[in-house]
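Down below is the structure, laid out as structure tokens.
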Amino acid sequence: MDSKLYIYNTLTRKKELFKPINPPFVGLYACGPTVYGDAHLGHARQAVTFDVLFRFLSFLGYKVRYIRNITDVGHLESDADEGEDKIQKKARIEKLEPMEVVQYYMNRYHENMRQLNVLPPSIEPRATGHIIEQQQLIKKIIDAGYAYIVNGSVYFDVMKYDADHHYGKLSGRKIDDLLSNTRALEGQSEKKNPLDFALWKKADPAHIMHWPSEWSEGYPGWHVECSAMSTKYLGVEFDIHGGGMDLLFPHHECEIAQSVAGYGKDSVRYWMHNNMITINGQKMGRSLGNFITLDQLFAGNHEILEQSYDPMVVRLFILQAHYRSTLDFSNESLQASEKGLKRFIQAAEKLGKIQASGHSTLDPSTLGKKCLDAMNDDLNTPVLLAHLFEATKWINAISAGQETITTNDLDGLKKIFSSYLSAVLGISLTGQNKTGDNLAEELIRSILNLRTEAKNKQDFALADRIRNELNKLGITIKDGKDGVEWEI
Ligand code: ZN
């Protein structure tokens, strides 16, 4: 397959022509959420970024196996292997079984992804379902001499590894700088060096998530799950590993070290990272009071929000910035995306009604090439969207009779709209992504509009029938001076 797709490889710090290891198959792995709370804008950006990559690779004809994991054990509060497991902490506070917390937030995450029109991955492995695979990898790392066992816990020996290989090659961080920025180890620490990270931790008596192992009754470190699960499903070497820039260090740096130590080589050909979201220019954080969950965003239910935003508006907003740029959230920018989405919806409606004529005053074939070039240039979705907005201008002009188009070119224009806007960018114009509540509300509205139409045509029998049918569903309607009101 002849691909002209260039992607920016975080490891080499340049755009590279994408060449899969075993075409037409592509192995894609992206780190999924740690499911202990509601998904927020940061989750949405990462999921949408790699969803678009998944969609575009499939559009190019590749057979993509996309793995997005669920972290349900081992992610501690601090990167220094200290603090409580995030899921266990939530379970303790809520007085729930940890797997109840996991199931609850995983279900909510899936609902948010459906609303955002994010396709489900090919496989969604969970860390707790792959304890044996993680133990097998840890064993390999110990056998290779890059990990040591202390009191039933296993730690990766970063200094030993760095002497033979290069720790920090992904993030560009240097061991000396890292050491001077790290607190000196206190006497009770089991680690030889503060940069060492846990592969397996012995569970203390208060820890309720633990499994037997040859080292201790315990649980895996966070980084080892992604190395174990990606290679289980994609092979020891695979094409693309993605994630948010916040995962670059230490999470992905540690993944590289684990692969090289355990398998003797790098597992990943291309590393891709999406940039972060800021809110009115400020970093998003629970302590800053600007932490907005997707549910709050979709419902307009946060003091920062001037209104609610449809999930498709949020998706379009995310794609209007290149994935490697920071994306600043503000009401104004989301409202601009809302207008943009409306333009697409109106253009799609007009496109369905346009009549072709004898000759074209416009040439959609060059437009298709421009769209492809934009995506081939490291997924340049803002440029692609600019071309698609240009297409809406054409559609408006044809619809207004200012331009004409042949049947062939009209088909071409329709194809560009359906392939790039819907298939590649995943922008749904049909409302299929709406939440049940929104959809019900809009359905009732449109039925009431039909009833008003019937009344205007003096068809009072039909108007009454519509009212009675709605009554049967528990919906009462009241005709007022300002139109029809209804309640369930
Ligand atoms: Zn990961």
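The values are calculated or read from the model by the stated rules, or taken from the named source; none is laboratory data. This one's a predicted model, so the numbers in the text were calculated from it and none came from an experiment. Here the Cβ positions follow ideal geometry from the backbone for every residue, glycine too, while neighbour counts run over all protein chains shown. Surface accessibility is based on the protein's heavy atoms, side chains included, excluding ligands, DNA and RNA. Shrake-Rupley method; radii C 1.70, N 1.55, O 1.52, S 1.80 Å.
If you count only protein heavy atoms with a 1.4 Å probe, what accessible area per residue comes out for the chain, rounded to a whole Å²?
Values: 22710 Å² over 488 residues.
On a per-residue basis, the chain sits at 47 Å².
What is the dipole size for the chain, taken about its Cα centre, with +1 at each Lys and Arg Cβ and -1 at each Asp and Glu Cβ, in debye to the nearest 20?
Dipole size: approximately 1160 debye.
How long are the three semi-axes of the equivalent ellipsoid of the chain, in whole Å, if each is the root of 5 times an eigenvalue of the C-alpha gyration tensor, listed from largest down? Mind showing how you got there, number by number?
Working: eigenvalues 456, 175, 68 Å².
That gives 48, 30, 18 Å for the three semi-axes.
Compare the Cα positions of LEU297, THR361, ILE67 along the charge dipole of the chain (+1 at Cβ of Lys, Arg; -1 at Cβ of Asp, Glu; about the Cα centre) and return the one farthest towards the positive end.
The residue sitting most towards the positive pole is THR361.
Quick check: from the Cα gyration tensor, does the stretch 24-155 come out rounded (a/c under 1.5), prolate or oblate?
Verdict is oblate for the stretch 24-155.
What percent does the relative contact order of the stretch 6-274 come to when contacts are Cα pairs within less than 8 Å and at least six residues apart?
Values: 441 pairs, mean separation 65.1, N = 269.
Relative contact order for the stretch 6-274 comes out at 24 percent.
So what are the ³J(HN,Hα) numbers for the stretch 305-310, from phi and the Karplus equation (6.51, -1.76, 1.60; θ = phi - 60°), rounded to whole Hz, Gly and Pro as x?
8, 7, 6, 8, 10, 4
What size of dipole, in debye to the nearest 20, comes out for the stretch 436-487 about its Cα centre when the only charges are +1 on Lys and Arg C-beta atoms and -1 on Asp and Glu C-beta atoms?
On the way: 9 positive and 11 negative charges, 53 e Å.
It comes to approximately 260 debye.
Around TYR105, what is the net charge, scoring Lys/Arg as +1 and Asp/Glu as -1 over all other residues with Cβ under 12 Å from its Cβ?
Details: positive: LYS86, LYS90, ARG108; negative: ASP38, ASP72, GLU94, GLU100, GLU111, ASP295.
Net local charge, TYR105 excluded: -3.
Going by amide H atoms built from the backbone, whose H comes under 5 Å of the H on LYS63, apart from near neighbours?
PHE25, VAL26
Under unit Cβ charges (Lys, Arg +1; Asp, Glu -1), what dipole magnitude, rounded to 20 debye, does the stretch 290-383 have relative to its Cα centre?
Details: 9 positive and 12 negative charges, 99 e Å.
Roughly 480 debye for the stretch 290-383.
Putting +1 on Lys and Arg Cβ atoms and -1 on Asp and Glu Cβ atoms, find which of LEU443, VAL484, ASN468 reaches farthest to the positive end of the dipole of the stretch 436-487.
ASN468
What list of ³J(HN,Hα) couplings, whole Hz, do you get for the stretch 212-218 from phi and the Karplus terms 6.51, -1.76, 1.60, once you set θ to phi - 60° and write x for glycine and proline?
These are the phi-based 3J(HN,Hα) values: x, 8, 6, 9, 4, 6, x Hz.
Rounded, prolate or oblate: which fits the stretch 6-274 when a ≥ b ≥ c are the square roots of the eigenvalues of the alpha-carbon gyration tensor, with rounded for a/c under 1.5 and prolate only if a/b beats b/c?
oblate
Would you mind pulling out the separation of the Cα centroids of the stretch 113-158 and the stretch 382-434, in Å?
Using only Cα atoms to place each centre, the spacing works out to 44 Å.
On full extension of the chain, what length is gained from LYS478 through ASP459, given 0.36 nm per residue of separation minus the C-alpha to C-alpha distance?
Details: separation 19, 0.36 × 19 = 6.84 nm, distance 1.80 nm.
That pair, LYS478 and ASP459, stretches by 5.0 nm at full extension.
Mind listing the phi-derived Karplus ³J(HN,Hα) values for the stretch 282-294, rounded to whole Hz, using 6.51, -1.76 and 1.60 with θ = phi - 60°, and x for any glycine or proline?
Each residue of the stretch 282-294 in turn: 10, 4, 7, x, 4, 7, 8, x, 10, 8, 10, 7, 5 Hz.
At 1.4 Å probe size, with the rest of the protein present, what percent of the exposed accessible area of the chain is carbon and sulfur atoms?
Working: 11400 of 22710 Å².
Whole-percent figure for carbon plus sulfur exposure: 50.
If amide hydrogens are placed 1.01 Å from N in the peptide plane, which non-local residues have theirs closer than 5 Å to the one on ILE475?
Amide H neighbours of ILE475: none.
Starting from the amide H of HIS40, placed 1.01 Å from N in the peptide plane, find each other amide H under 5 Å away whose residue is 5 or more places distant or on another chain.
Those qualifying (amide H under 5 Å, at least 5 residues apart or on another chain) are LEU294.
Could you give the distance between the Cα centres of the stretch 162-241 and the stretch 51-66, to the whole Å?
For the stretch 162-241 versus the stretch 51-66, the Cα centre distance is 31 Å.
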